[in-house]
Amino acid sequence: MTTHYRLACPVCGRIYEDDHYLLSCPSGCNGLLRSVYDAVRLQVRDAPGLFRYKDWLPAGGTLPTDAAPVCYRSVGLAEAIGLTNLWIVFSGYWPARGAYVTSGSFKEFEAYPTVVRLREHGGGIIVVASAGNTARAFAQVSSETGQPVIIVVPAGAQSRISTTRPAEQLLLVTVDGDYTDAIHLGSLLSTIPGVVSEGGAKNIARRDGMGVVVLEGTRTIGRIPDWYVQGVGSGTGGIAAWEAGIRLCADGRWGNTLPRLYLVQNQPFIPMVNAWQQGRHTLIPDEDMPDPERSITAVFADVLTNRSPPYAVAGGVADALEATHGRMGSATTTDAIRASALIEETEGIDPDPAAAVAVAGLINAVHEGTIMRDDCVLLSITGGGYRLVRDRIVKKPDIVLEKDYSESEVIVLVTGWVSRYA
Ligand SMILES: *Cc1c(COP(=O)(O)O)cnc(C)c1O
Ligand SMILES: [Zn+2]
């Protein structure tokens, strides 16, 4: 068991050992447990990829990988949008810049430490229900490490699940339905003994893994930035940035002011923007996301369409915005498409649609005067470089389910597969 961190509950204040992949406070509080690391001063380790930040990751060991964020000062985009101190932290595949995130997004920073954390806390088979980047990240990590993973996706998203190596320990289940149906099946499968749900925003390995973008950015810039800009669906990356900021402030070498969060959603699906702009710390589904089915189909970046983000929970997005004096912003699909072309033209890389939404939101924030010309801005290009990845192997589904599938039959099938690894 690793002992370089404990878990703190933001509600009752109790401190716990992470003795069995804890996802919530054993006292039953409704809050996100946060990791508290022994190392107050960050030491960058001689370890593979993002594991260079292992002092602040809930993993004792490492895995071989080159995946890590890369930060540089923008010239082209900065000029185009009128900023003098814009830094891009890129989480994707771009060998010319030293970026080797082969699944193409910062979700891979979550997947690696999650696999290590699970192995160090009882082990098991991870089940992930996702419509895209998270699933591909876990598929890639499975293909590279042999970690058995079950992925459940809506049938329409099947072609997004690809790896650069054969994924032999991956079980891909497609279900005729949408993301909500995939989540339902994912939680059903997590009841099979030996199968563990990765945990989403509650998983400290997910948040601290995403937090490395802020660590890399701050070290490259030489200070904590004034703003951290990201496109959000769940907002977990925003929470992660806040938590990384807290640790950086305690370290003290890069300043002691938290980066202000500027989190962007894609119109017309903007529940957290609506809630925050009305000064609410809770979401009211009917008001904040009216007609979600329709608005979800109208966005450019569908990874940003989470219907139950960890917004109101203690230690969640609303708390992160409040603590950092943050803002929520939005961008239309038209703006995002234009921003995508602008990034290609000025920076020379194809961005994930969610990163284009972040840039479109940043442009709006500069126009409105929320973000000022000389502010130090860390822009998270959360994914991209898909076109540069060669030889993708699209995973064939192992189990294809129709709408009216029998739950008990699926359990039997998946249990059979699981028993190979028990
Ligand atoms: C998941 C994702 C996001 C949104 O992340 P949050 O969980 O909302 O912080 C942004 N960009 C990309 C590329 C993603 O895959
Ligand atoms: Zn508690």
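Every read-out reported here was derived from the displayed coordinates using simple, explicitly stated rules and does not represent laboratory data. Predicted model, so just to flag it, every value in this text is computed and none were measured. Note: ideal-geometry Cβ built from the backbone for every residue, glycine included; neighbour counts use all protein chains shown.
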Sparsely packed chymotrypsin sites (Phe, Trp or Tyr not before Pro) within segment 83-161, loop by DSSP, other Cβ within 10 Å at most 15: none
Evaluate the distance, in nm, between pseudo-label points positioned 7 Å from the Cα of Q43 and of R6 along their respective Cα→Cβ axes. 2.1
Compactness of segment 164-306 - radius of gyration and Dmax, Cα, Å: 18.2, 52
Can you tell which of L83, L362, L50 shows the greatest fluctuation in a Gaussian network model of the chain with Cα springs below 10 Å? L83
Sites S406 and D374 - FRET efficiency at Förster radius 60 Å, r taken between beta-carbons, to 0.05: 0.45
State whether segment 90-159 is rounded, prolate or oblate according to the following rule on the C-alpha gyration tensor (a ≥ b ≥ c being the square roots of its eigenvalues): a/c under 1.5 gives rounded; otherwise a/b larger than b/c gives prolate, and the remaining case gives oblate. oblate
Are there chymotrypsin sites (Phe, Trp or Tyr not before Pro) in segment 241-285 that DSSP marks as loop and that have at most 16 other Cβ atoms within 10 Å, and which are they? none
Of the chain, which part is the longest with no GluC sites (Glu not before Pro) in a loop (DSSP not H, G, I, E, B) and with at most 12 other C-beta atoms within 10 angstrom? 169-401
Separation in nanometres of the label points that stand 7 Å from Cα toward Cβ, at T297 and T84: 4.8
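About its Cα centre, how strong a charge dipole does segment 274-422 have in debye, to the nearest 20, once Lys and Arg get +1 and Asp and Glu get -1 at the Cβ? Present the calculation step by step, with values, prior to reporting the outcome.
Working: 13 positive and 23 negative charges, 86 e Å.
It comes to approximately 420 debye.
For segment 202-348, what is the charge dipole size about the Cα centre, in debye to the nearest 20, if Lys and Arg each add +1 at the Cβ and Asp and Glu each add -1 at the Cβ?
Once rounded to the nearest 20, the dipole reads 460 debye.
Rounded, prolate or oblate: which fits the chain when a ≥ b ≥ c are the square roots of the eigenvalues of the alpha-carbon gyration tensor, with rounded for a/c under 1.5 and prolate only if a/b beats b/c?
rounded
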Among all the lysines, which ones have a C-alpha under 26 Å from K107's C-alpha, if same-chain residues fewer than 8 places away are not counted? K54, K202, K395, K396
How large is the charge dipole for segment 291-367, taken about the Cα centre, if only the Cβ atoms of Lys, Arg (+1) and Asp, Glu (-1) carry charge, to the nearest 20 debye? 260
Bins of 5 Å, starting at 0 and running to the largest distance - Cα pair percent for segment 272-398: 2, 9, 15, 19, 20, 16, 10, 6, 3, 1, 0
Mind checking the full-extension length gain between S24 and Y421? Use 0.36 nm per residue of separation minus the Cα-Cα distance, one decimal, nm. 140.2 nm
Work out, step by step, the length gained on full extension between D178 and E344: first 0.36 nm times the residue separation, then minus their alpha carbon distance; give nm to one decimal. 56.7 nm
If the viscosity is 0.890 mPa s and the temperature 25 °C, what Stokes-Einstein diffusion coefficient in µm²/s follows for segment 113-236 when Rh is the Kirkwood radius over Cα pairs? 157
Segment 30-166 - Rg over Rh from alpha carbon coordinates, Kirkwood radius: 1.01
Percent RCO, i.e. relative contact order, over the chain, from Cα pairs under 8 Å lying at least 6 residues apart: 19
How many nm is it between the label spots at R165 and R73, if each spot is 7 Å from the Cα in line with the beta carbon? 3.8
Grab the Cα-Cα distance for Y386 and T282, subtract it from 0.36 nm times how many residues apart they are, and report the gain in nm with one decimal. 33.9 nm
For segment 20-109, run through the trypsin sites (Lys or Arg not before Pro) and keep only the ones in DSSP coil with at most 14 other Cβ atoms within 10 Å of their Cβ. R41, R45
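Let me have the relative contact order for segment 57-193, percent, based on Cα pairs under 8 Å that are six or more residues apart.
That works out to 19 percent.
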Tell me which aspartates and glutamates have Cα within less than 17 Å of K403's Cα, excluding those fewer than 8 residues away on the same chain? D176, D178, D181
Do the sum for the chain: with -39,500 (n - 2.57) for every DSSP H run of n ≥ 4, divided by all residues, what is the mean residue ellipticity at 222 nm, to the nearest 500 deg cm²/dmol? -10500 deg cm²/dmol
